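Scroll down for the structure; my scribbles are underneath it.
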Amino acid sequence: MKKIGIEQKTKNKAPMRELGCEEEKPGNEEIMKEMSLEAHGIMGGRTTITIIGFPDECPLCHKKGVQVIKLTVFRGETDDEKIYVIYQCPNNDCNKPYIGVYSLSEEDDIYHLENLYPIEPEKKEFEKEIINISEAFCKIYNQAENARATGLDEIAGIGYRKALEFLIKDYCILLNPGKKEEIKKEFLSKTIKTYIKDIRIKRNAEKAAWLGNDEAHYYRKWENKDIEDLLRLIKLTCHFISMYMLDEAYEKEMSNEA
Ligand SMILES: [Zn+2]
């Protein structure tokens, strides 16, 4: 799962504080890799536990800062395998609470940060040329990002594949308005092959489509490639489409003035 703003165990910086706890002394960074807290049972009772792994940014507004621990709870038994830490974002424009779920490790008897809930992924902003070509692409891409950030990694890839299809088809329809009906119905690979003339767009879009198909099908053809490769290829496709559109626009505006 893609983790947002979760500090890794190897980092020393963990300037956490619990309300009502003493501030940590400077120079105690090594010790602050872990923190002991009093956890409260939902049905009563309390116990002292140790946690490790701290968010260094709010998963909702994505501002970095010292995240405040408001309360630590467990379900009902003091040896529960999960502990829930309720954080509050320190950013005054947000101040929202969220939960860090920690799981007990049998190796060190410490609760390790597993997930944050809820997460609102940062909306990816696309270049103006891409937005103008396909708002649907931008919308679907961001929905896929959302799925991925919340752990739905098995379906996020299909979302990126669908987004790519909208980008390519909307782009080709823009350049070939008379072919709209054919482009809408045909396979994506045929659209790329038939209508994309720029070699850099074509070869990146083709590869992105291959990897996108791997996300949607039972059989994975490109076993040494993953969703990160797909995202890089979509990024490259977007980049070269933007460049192409900009180039065309300047050529149209200025070529007759020379
Ligand atoms: Zn926030």
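The values are calculated or read from the model by the stated rules, or taken from the named source; none is laboratory data. Just so it is clear, the structure is predicted and the values come from calculations on it, not from any experiment. A quick note on method: Cβ atoms are made from the backbone with ideal geometry, for glycine too, and the neighbour counts reach across all protein chains shown.
Points to keep in mind about this one:
- Any hit, region 64-73, residues being within 21 Å of K123 (Cα to Cα), within 22 Å of the chain's Cα centre (by Cα) and not aliphatic (A, V, I, L, M): yes
- Single unsatisfied condition, E228 versus (1) exposed (fewer than 14 other Cβ atoms within 10 Å of the Cβ); (2) of a type in the set (D, E); (3) under 22 Å from the mean Cα position of the chain (by Cα); (4) more than 19 Å from H239 (Cα to Cα): (4)
- Out of I168, I196, I227, I234, sole residue that is among the β-branched types (V, I, T) and more than 18 Å from I130 (Cα to Cα): I227
- Restricting attention to region 35-44 and to residues that are assigned to a strand (DSSP E or B) and farther than 13 Å from Y102 by Cβ, the residue that is farthest from the ligand (Cβ to nearest atom) turns out to be G41.
- Applying the criterion of being part of a loop (DSSP other than H, G, I, E, B) and of a type in the set (D, E, K, R) to the residues of region 118-135, the residue that is nearest to Y250 (Cα to Cα) is E127.
- Residue in region 77-84 that is under 24 Å from E145 (Cα atoms), surrounded by 17 or more Cβ atoms within 10 Å (Cβ to Cβ) and out of contact with any Pro (no Cβ under 7 Å at 6 or more places or on another chain) present: no
- Those residues of region 64-96 which are more than 16 Å from the ligand (Cβ to nearest atom) and basic (K, R), in sequence order: R75, K82
- Candidates I119, I99, filtered to the one that is in contact with a helix residue (DSSP H, G or I) (Cβ under 9 Å, 6 or more places away or on another chain) and either within 14 Å of the ligand (Cβ to nearest atom) or in contact (Cβ under 8 Å) with a residue 60 or more places away in the chain (or both): I119
- 3 or more residues in contact (Cβ under 8 Å) with a residue 40 or more places away in the chain and in the same structural domain as Y244 (by TED's automatic domain parsing): qualifying helices (runs of 4 or more DSSP H) within region 136-231: 153-175, 199-216
- Of the set (1) farther than 30 Å from L175 by Cα; (2) within 16 Å of the ligand (Cβ to nearest atom); (3) not hydroxyl-bearing (S, T, Y), all apply to G151 but (2).
- Residue list for region 85-130, filter: within 20 Å of the chain's Cα centre (by Cα), surrounded by 15 or more Cβ atoms within 10 Å (Cβ to Cβ) and aromatic (F, W, Y): Y98, F126
- Leading residue by the ranking (modelled with the highest pLDDT) among those in region 211-225 that are out of contact with any helix residue (DSSP H, G or I) (no Cβ under 7 Å at 6 or more places or on another chain) and exposed (fewer than 12 other Cβ atoms within 10 Å of the Cβ): N224
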